[in-house]
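Notes for the one structure printed next.
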Amino acid sequence: MILSMTGYGKTEIQLPTKKITIELKSLNSKNIDLNVRMPSIYKAKELVIRKKIAKKLVRGKVDFSIYSENLGDNLSTELNQESIKAYMNQLKGISDASDLELLQMAIRLPETLQSNREELNEEEWKLIDKAIDESIDKIIVYRTDEGKSLKEDFKVRVKNIQNLLEEIIKLDPQRIENVKQKLQKAITELEAKVDENRFEQELIYYLEKLDITEEKVRLKNHLSYFLEELNDTGSNGKKLGFITQEIGREINTIGSKANFAAMQKMVVQMKDELEKIKEQNLNVL
């Protein structure tokens, strides 16, 4: 079972004095790259949150946010009445403005608002922590669903490469005969006398250099191995990446040895399918 690194999870909870929203978003990354945003009251829990997310999501560029919305009359910021009065008294000495106008000027000046520092409530945090777990579970479900789509796409791409490989196997005898004819034609055009036995030996040597039997066998094995890994209980995008490298190596070698237009066309199509596999594999956990 493969998992995608792309995912989204969101949970909202209603507390007596506030509404809390937990949001998680993830994209692909070689390692865990975690960005955390939260109100300062919860900063003491940041390390715990980071460990929890890293353990469960393993890899990916992850954005984690806690949004807090105060409800009703529960305000953490109040007017600093002493400062406002002091400002108004000073302004009276330099202005003939009315009290209302003085008040409007005073409240725009520094330190006219004061914040009451909110303390972390552990009982409240237990509810938030549970909501974080729910958001992580949601993003894992999302990743699982995305992984199923990736798996089906991989199977189609690998099947296409396997079909092209079968076409190459069918073309191989024709390719060898074509090479023999080209060499024989070249000798004939030279109008030179050739020792037939020596020619046969050189031809065999040349054809051995163009032989792709081992490449065909290895490519077939790599493709089968890739499909096996798709059905593994874990998700290992890095391992699939290593297998695709081996697949690419065999395809490239077949292409360099082909020396036959029809076969080279098949190789180009195989490379196209492999590039699509590589691109999609970047999203696999």
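On the beta carbon distance between residue 179 and residue 276, with R0 = 45 Å, the FRET formula returns roughly 0.90.
Using a probe of 1.4 angstrom and keeping all protein chains present, the accessible surface of the chain works out to 62 square angstrom per residue. Run the accessible area of the chain with a 1.4 Å probe and give the carbon-and-sulfur part as a rounded percent. So the carbon and sulfur contribution to the accessible surface is 51 percent.
When the residues 12, 46 are ordered by accessible surface, computed with a 1.4 Å probe over the protein chains alone, the sequence from largest down reads 12, 46. Calculated [222 nm] ellipticity per residue, helices only, for the chain: -21500 deg cm²/dmol; basis is -39500 (n - 2.57) per DSSP H run with n ≥ 4, divided by all residues, nearest 500. Charging the Cβ of each Asp and Glu at -1 and of each Lys and Arg at +1, and nothing else, the dipole of the chain about its Cα centre rounds to 560 debye.
From the list (1) 5, 19, 15, 14, 12, 10, 8, 6, 5, 3, 2, 1, 0; (2) 6, 28, 36, 25, 5, 0; (3) 6, 24, 27, 16, 12, 10, 4, 1, 0, can you say which value of P(r) over Cα pairs in 10 Å bins from 0, in percent was derived from the structure given? Given (1) 5, 19, 15, 14, 12, 10, 8, 6, 5, 3, 2, 1, 0; (2) 6, 28, 36, 25, 5, 0; (3) 6, 24, 27, 16, 12, 10, 4, 1, 0, the structure-derived one carries the label (1).
Round to the nearest 0.05 the FRET efficiency obtained for residue 97 and residue 70 when R0 = 45 Å and r is the Cβ-Cβ distance. The computed FRET efficiency comes out at 0.85.
The values are calculated or read from the model by the stated rules, or taken from the named source; none is laboratory data. What you are looking at is a predicted structure, and each value in this text was computed from that prediction instead of being measured. Here the Cβ is made from the backbone with ideal geometry for all residues, glycine too, and neighbour counts use every protein chain on show. In case anyone asks, the SASA skips ligands and DNA or RNA and just uses the protein heavy atoms, side chains included. Shrake-Rupley method; radii C 1.70, N 1.55, O 1.52, S 1.80 Å.
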